[in-house]
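Novice: Sending over a structure as structure tokens; questions will come in a sec.
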Amino acid sequence: MGSIYLTSGRGIQMEVITVGLGSKEFFLNSLLIAVLPVALLLGVEYMATKRFSSVGLLLGAAIFLLLQSWWVYQAKGKVFVEDGALHVRSGFYKAQWPLEGLSASAINAAIMGGGVRINGTAMYGFRAGWFQITGDRIFFLTTSNSAACIEQKGVVVLCLDRDVIDRLKGLI
């Protein structure tokens, strides 16, 4: 598949940056999110009836497909510049900021340490969406602990993987 290029309002052309999990994190999250609930459901059914019913197997398959589809949809993100704004999208979550006034900043331990999920998801090796940290609302799209943040007017508004920030350096 070829690269997709978008042009910002400043005439800057940039590739859409895709953010995704590594295979180890993806496999582990799939086990925890989609396989474990189905295994528990089928285990309870077997313990209660000493057999697997076709209804239980169909229900298990439907639950697995639903949870796995949700997980795959959530576990991918995009970062791009369009119409003079930085756009970040991941699953159900999206945000944008005008390029003017954005600057890369070092991340501190308080930001990566946690926070309260306002409208986001956090799984093993992955955070996406809005989090409340140190009184500020910050959008995360990170797949590692090697993250960096973007400030707007001195306030952290976005945290991304360090390699994504490095690819944005010429734009912010």
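The values are calculated or read from the model by the stated rules, or taken from the named source; none is laboratory data. If you're wondering where the values come from, they're calculated on a predicted model, not measured in any experiment. For neighbour counting, all protein chains shown are included, and Cβ atoms are generated from backbone atoms with ideal geometry for every residue, glycine included.
Novice: Evaluate region 100-118: report whether one residue or more is loosely packed, with under 15 Cβ neighbours inside 10 Å and at pLDDT 90 or above.
Specialist: no
Novice: Moving on. Just one of Val81, Val88, Val38 is surrounded by 15 or more Cβ atoms within 10 Å (Cβ to Cβ) and closer than 20 Å to Gly120 by Cβ; which is it?
Specialist: Exactly one residue qualifies, and that residue is Val88.
Novice: Scan region 56-75 and give yes if some residue there is buried (at least 16 other Cβ atoms within 10 Å of the Cβ) and not in a helix (DSSP H, G or I), otherwise no.
Specialist: Looking for residues that are buried (at least 16 other Cβ atoms within 10 Å of the Cβ) and not in a helix (DSSP H, G or I), one finds at least one in region 56-75, hence yes.
Novice: In region 23-55, how many are closer than 21 Å to Gln74 by Cα and either over 21 Å from the mean Cα position of the chain (by Cα) or not in a helix (DSSP H, G or I) (or both)?
Specialist: Of the residues in region 23-55, 3 are closer than 21 Å to Gln74 by Cα and either over 21 Å from the mean Cα position of the chain (by Cα) or not in a helix (DSSP H, G or I) (or both).
Novice: The conditions are (1) under 20 Å from Leu141 (Cβ atoms); (2) assigned to a helix (DSSP H, G or I), and Val81 fails exactly one of them. Which is it?
Specialist: Among (1) under 20 Å from Leu141 (Cβ atoms); (2) assigned to a helix (DSSP H, G or I), the lone unmet condition for Val81 is (2).
Novice: State which residue pairs qualify: first residue without any contact (Cβ under 8 Å) to a residue 60 or more places away in the chain and inside region 29-42, second residue in a helix (DSSP H, G or I) in any location, beta carbons under 6 Å apart, and separation of 6 or more residues or different chains.
Specialist: Ala34/Phe64; Ala34/Leu67; Ala34/Gln68; Val38/Gly60; Val38/Ile63; Val38/Phe64; Leu41/Gly60; Leu42/Gly60
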